[in-house]
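Student: One structure coming up, written as structure tokens, with questions to follow.
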Amino acid sequence: MKVEIRETGPMPVNTYILKDENSKEAVIIDVGGDFENIKQKLDAEKYTVKYILNTHGHFDHVLGEPYIQKNYPQIPIYMSKDDLPHIINMKEEMNFFDMTSTVESLKLDSFIDENSQLFIGKYKIQVLATPGHSKGSLSFYTDGKLFSGDTIFSRSIGRTDFYDGDFDAIINSIMTKLTVLPDDTIVFPGHGLSTTIRNEKLFNTYLT
């Protein structure tokens, strides 16, 4: 499986494009914007976007998705139901950061959790509930790769000072769901550089 990284949105977020060369399926994680350019490149390479996955509902990770919903309604968009309040209140949360937008909010009625069966080609995408940064934060694990959203970063963790953030919960999520993965798992976070589970166990001071 190939993974491409593109920074998107006004508060640059890592948008991940997973591509299975055999099935020619693509899955995109956290679309902060710039979807049309991403779609055009995938079309040129003969990939079909199977679905959009969201690690959580904060606006910087989903701001490009109302465009997808309007222009490509056949592409499913999934996230945890527990983060639906962030989607409903997206504009209010943007105001907190002194940002305004004319983008309409998402209108989601399909959700995923740890029981969801997601695949890209032959690869299963395991859904991990990792609350703490937000109540409905999810991480996705497939083919030795972890897409952790804002739960864990290189030598850091996500902030927990939002209304549904919880420091104890995020530490518990990391210790029980993420650090138990193989040490050579590549961690692709919502912002910043990639890392590995081994590096975080050794050098992330929040985990010691």
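Student: Quantify, in whole percent, the carbon and sulfur part of the accessible surface of the chain (1.4 Å probe; protein heavy atoms only). Don't skip to the answer; put the middle values down first.
Tutor: Details: 4870 of 9680 Å².
Heavy-atom surface of the chain belonging to carbon and sulfur, 1.4 Å probe: 50 percent.
Student: For the chain, what is the calculated [θ] at 222 nm in deg cm²/dmol (nearest 500), taking -39500 (n - 2.57) for each run of four or more DSSP H residues and dividing by its residue count? Numbers along the way, then the final one.
Tutor: Numbers: 7 runs with 47 residues, N = 208.
Helix-only estimate at 222 nm: -5500 deg cm²/dmol.
Student: Taking N as the number of residues in region 85-194, what is its Cα Rg relative to 2.2 N^0.38 Å? Each step should come with its number before you reach the end.
Tutor: On the way: Rg = 15.1 Å, N = 110, 2.2 N^0.38 = 13.1 Å.
In units of the globular-protein estimate, region 85-194 measures up at 1.15.
Student: Now a separate question. How much length, in nm to one decimal, is gained on full extension between Glu114 and Lys91, taken as 0.36 nm per residue of separation minus their Cα-Cα distance? Present the calculation step by step, with values, prior to reporting the outcome.
Tutor: Values: separation 23, 0.36 × 23 = 8.28 nm, distance 2.85 nm.
Value of the extension gain: 5.4 nm.
Student: May I ask you to derive the FRET efficiency for Lys24 and Arg198 from their Cβ-Cβ distance with R0 = 41 Å, giving the value to the nearest 0.05?
Tutor: On the way: r = 33 Å, r/R0 = 0.79.
Efficiency computed from Cβ-Cβ geometry: 0.80.
Student: Another one. At 1.4 Å probe radius, can you tell me the per residue accessible area of region 112-188 in Å²?
Tutor: Values: 3280 Å² over 77 residues.
For region 112-188, the solvent-accessible area averages 43 Å² per residue.
Student: Modelling each spin label as a point 7 Å along the Cα-to-Cβ direction, I'd like the Glu7/Met99 distance in nm, to one decimal.
Tutor: 1.4
Student: Sequence gap at least 6, Cα distance under 8 Å: using those rules, report the relative contact order of region 105-208 to the nearest whole percent. Intermediate values should be presented prior to the final figure.
Tutor: Values: 199 pairs, mean separation 24.6, N = 104.
With pairs under 8 Å counted, the relative contact order is 24 percent.
Student: Shifting gears a bit: Which of the GluC sites (Glu not before Pro) found in region 4-71 are in a DSSP loop and have at most 12 neighbouring Cβ atoms, other than their own, within 10 Å?
Tutor: Numbers: sites: Glu4, Glu7, Glu21, Glu25, Glu36, Glu45; in loops: Glu21, Glu45.
Sites meeting the loop and neighbour criteria: Glu21, Glu45.
Student: Related question: Given (1) 10.7; (2) 17.4; (3) 11.4, which label gives mean projected area of the Cα convex hull in nm² as computed from the coordinates?
Tutor: (1)
Student: Could you grab the Rg to Rh ratio for region 13-96? Cα atoms only, Kirkwood for Rh.
Tutor: On the way: Rg = 13.1 Å, Rh = 13.2 Å.
Reported Rg/Rh, Kirkwood definition of Rh: 0.99.
The values are calculated or read from the model by the stated rules, or taken from the named source; none is laboratory data. Values in this document were obtained by computation on a predicted structure and should not be read as measured data. Please note: Cβ atoms are built from the backbone with ideal geometry, for glycine as well, and neighbour counts cover all protein chains shown. Heavy atoms of the whole protein, side chains included, go into the accessibility calculation; ligands, DNA and RNA do not. Shrake-Rupley method; radii C 1.70, N 1.55, O 1.52, S 1.80 Å.
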